Amino acid sequence: SAVAAGVLVVVACSAHTWDYWRQEGLTSADARFAYSLSLSGLWTVLACLFIGAGLLRSFAPLRYLAMALFGITVLKVFLVDLSSLGGLYRILGFIGVGVVLLAVSFLYQRQRIKPRPVAEAPPDNPTA
């Protein structure tokens, strides 16, 4: 199914990101932080792609997968990524997360509320 394929894409891309940063050397705190941020960015991009595909194909399970991935990403960003930032960078990080969430929710609601074409109803008084 498309949801299982989506989960496999997330796992494969995450593993590829881990492999890249492992080869670069995760010896410093900065490198581990860069890996963590790149993973958050990857998950955000994948969630946006899944929402887009789910909306274009009118496939709700893919949209639900995207929302779950967004939720996991937001929790990770708040609990892991932003906790290691301080001062102005933490404020900018919160603003960035807020902007992404607002943009995605706006586009999602805009697409979901779009009026659907109504089929033409048969005439009330047919004369044959």
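The values are calculated or read from the model by the stated rules, or taken from the named source; none is laboratory data. Computed from a predicted model, the values in this text were never measured in an experiment. Positions of Cβ are backbone-derived with ideal geometry, glycine not excepted, and every protein chain shown enters the neighbour counts. Accessible surface areas use protein heavy atoms only, side chains included; no ligands, DNA or RNA. Shrake-Rupley method; radii C 1.70, N 1.55, O 1.52, S 1.80 Å.
Anything in the range 20-44 that is open to solvent by less than 50 Å² (accessible area, probe 1.4 Å) and either free of Cβ contacts under 8 Å to residues at least 12 places away in the same chain or among the aromatic types (Phe, Trp, Tyr) (or both)? List them, or say none.
Passing the criteria: 25, 26, 31, 35, 41, 43.
Count, please, the residues in the range 1-17 that happen to be open to solvent by 50 Å² or more (accessible area, probe 1.4 Å) and either touching a Leu at 6+ places or on another chain (Cβ under 8 Å) or in contact (Cβ under 8 Å) with a residue 60 or more places away in the chain (or both).
The number of residues fulfilling the criteria is 3.
Of the residues that sit in the range 45-65 and are under 10 Å from the mean Cα position of the chain (by Cα) and closer than 17 Å to residue 12 by Cβ, which one is most open to solvent (accessible area, probe 1.4 Å)?
Top of the filtered list is 49.
How many residues, within the range 66-86, are closer than 19 Å to residue 34 by Cβ, in a helix (DSSP H, G or I) and open to solvent by less than 90 Å² (accessible area, probe 1.4 Å)? Don't jump to the end; show me each part of the working.
Residues of the range 66-86 that are closer than 19 Å to residue 34 by Cβ, as a first pass: 73, 76-86.
So of that shortlist, the ones also in a helix (DSSP H, G or I) come out as 73, 76-84.
Right, trim to open to solvent by less than 90 Å² (accessible area, probe 1.4 Å) and you get 73, 76-78, 80-84.
Matching residues across the range 66-86 total 9.
Between a first residue in the range 97-110 that is assigned to a helix (DSSP H, G or I) and a second residue that is of a type in the set (Phe, Trp, Tyr), which pairs have beta carbons less than 8 Å apart while being 6 or more apart in sequence or on different chains?
Filtered contacts from the range 97-110: 97/78; 101/70; 104/70.
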